[in-house]
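A short write-up of the structure that comes next.
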Amino acid sequence: MQGQWSWLKGGIALGLTFLLAIAVVKPIGVSTQFVIADGLIWSLFDRDLVTQDSTAKNGFSSHNAYLDKSGGKYAKSVANPVNYGFVFVLAMIAGGFLSSRLGGRNRESEIPDVWAQRFGDKPALRMGMSFAAGAVVVFGARLAGGCTSGHMMSGMMQTSLSGYMFALGAFAVAIPTAMLVFGRR
Amino acid sequence: MQIFLAVLLGTLFGFVLHRIAAASPQVIIDMLRLRDLRLMKTIIFAIGLATCGLFVGLATGLIDAAHLSVKASYAGVIAGGGLLGLGWAISGFCPGTSLVAAGAGRKDALYFIGGGLVGAFCYMLAYPWFKQSGILDPISAGKVTVAATGSEAYPALAAGLPGWLTALLIGVALMVVAWRLPLKMQPPGSGHSPTRRHPGTRTANTAG
């Protein structure tokens, strides 16, 4: 990739970004916002999904048990989508766009080479498997209570036991899977 | 103010993830099949640096312990991590990097995000079952850290040591590991390894 930083420069930049976020606001996390986005879509069809509730700790409750948990924490975010966590994740998209426009052009093809070597140059298969993988990844992240950002990076930097557990589970499956599926050559 | 910070920090994070090539599924897969460890070095170094910086910040009062957010430890953390690892290895995306890749114009990332919304929805429906199964029940004291944070909400495993000392030991160890990891690893028997000097092993290998 053009404009790619050296491993050390990248490591310093990534570490300082996580440090800055926790110093100024709170640890970085991403996967929760997939739930908030679902809640927003769901509430288009079900106006009673999230309701104001003065007895709940966060002032909102939901008939969906997951949105309702922790005193309506997620329900509150669905009711007020212009909140820190959701806007942060939307801004990440802008960050990727900016980097790609400011000299970070990625010359890799629509289908990753390593993927095309294994599964062939079939866009429909790549898109279908990306969709299926996305479902497995975010389901797993929600079961774990966080993803690579929230558990592995933010968790481990706080020396959180759960962060190390998550990294262990993720790499213990990801490395053998990648080696088996794509080989090492 | 919070929203302004969200825009600023989110954009910065997305920009950095893109510049370290974490949003490239090729780079992720090459890392996970242990071919190209450049990104692994970056990530491990970043965690080490952030660990040191955070606990020095806490000890000096520059960082408020109220900003910490430690997640609970339960069996589902490992199981969920494993599921994430499976999809991560096959697609080359995780939730954060898929958003960055979509911003940079990758179409497969959009499909990944669509799938992610479906996966999150399935979990929203399945949550009561997981809750009942006991897989979400905290192990040990729940929201536990290794180094003492100074926050009463999070018991520390190394409660007898100053938090900054434990954290510096861990953080520096991670940075040393990152430094010492090789950038590239050759697959076994590839014939391209600089340590492989016998010409016979080269000619024996025709694959590749």
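Before moving on, here are some points about what is shown:
- Helices assigned as whole DSSP H runs in chain B whose Cα atoms extend at least 18 Å along their own long axis and whose mean Kyte-Doolittle hydropathy is -0.5 or higher are found at B:2-19, B:38-60, B:75-91, B:107-133, B:163-180.
- Normalising the average separation of contacting C-alpha pairs (under 8 angstrom, six or more residues apart) by the number of residues puts the relative contact order of chain A at 23 percent.
- D (Stokes-Einstein, µm²/s), Kirkwood Cα radius, the range A:31-107, 0.890 mPa s at 25 °C: 180
- Projection of the Cα convex hull of chain A, averaged over all directions and equal to a quarter of that hull's surface, yields 13.3 nm².
- Tensor-based shape of the range B:2-185 (alpha-carbon gyration tensor, a/c under 1.5 rounded, otherwise prolate or oblate): oblate
- Cα gyration tensor shape for the range B:102-153, rounded if a/c is under 1.5, else prolate or oblate: oblate
- GNM flexibility winner over chain B from B:Ser140, B:Ser91, B:Ser24 (Cα, springs under 10 Å): B:Ser140
- At most 13 other Cβ within 10 Å, DSSP loop - chymotrypsin sites (Phe, Trp or Tyr not before Pro), the range A:90-168: none
- Within the range B:28-60: backbone nitrogen closer than 19 Å to the A:Val24 label point (7 Å, Cα to C-beta): B:50-51, B:53-55, B:57-58
- Helix A:65-79 vs. chain A, principal-axis angle (Cα, 0 to 90°, nearest 10): 80
- Dipole of chain A, positive direction: furthest Cα of A:Val173, A:Ser70, A:Leu40, with charges on the beta-carbon: A:Val173
- The angle between the Cα long axis of helix A:161-182 and the longest principal axis of the Cα atoms of chain A comes to about 40 degrees, rounded to the nearest 10.
- Chain B, dipole about Cα centre (Lys/Arg Cβ +1, Asp/Glu Cβ -1), debye to the nearest 20: 900
- For the protein assembly as shown, size of Cβ-based charge dipole, Lys and Arg +1, Asp and Glu -1, in debye: 1280
- Compared with the dominant principal axis of the Cα atoms in chain A, helix A:84-101 is inclined by about 20°.
- Gyration tensor (alpha-carbon) shape descriptor, the range B:48-139, a/c threshold 1.5: oblate
- Alpha-carbon centroids, the range B:9-40 and the range A:59-94: separation in whole Å: 28
- Estimated D of the protein assembly as shown in µm² per second, where Rh is the Kirkwood radius over Cα pairs and Stokes-Einstein applies at 37 °C, 0.692 mPa s: 153
- Taken over the protein assembly as shown, lysine pairs spaced eight or more positions apart, or on distinct chains, with alpha carbons under 24 Å apart number 29.
Just so you know, all these numbers are worked out from the coordinates, no wet-lab data involved. Because the structure is a prediction, the values reported are computed rather than measured. Here Cβ is always computed from backbone atoms with ideal geometry, including for glycine, and neighbour counts include all displayed protein chains.
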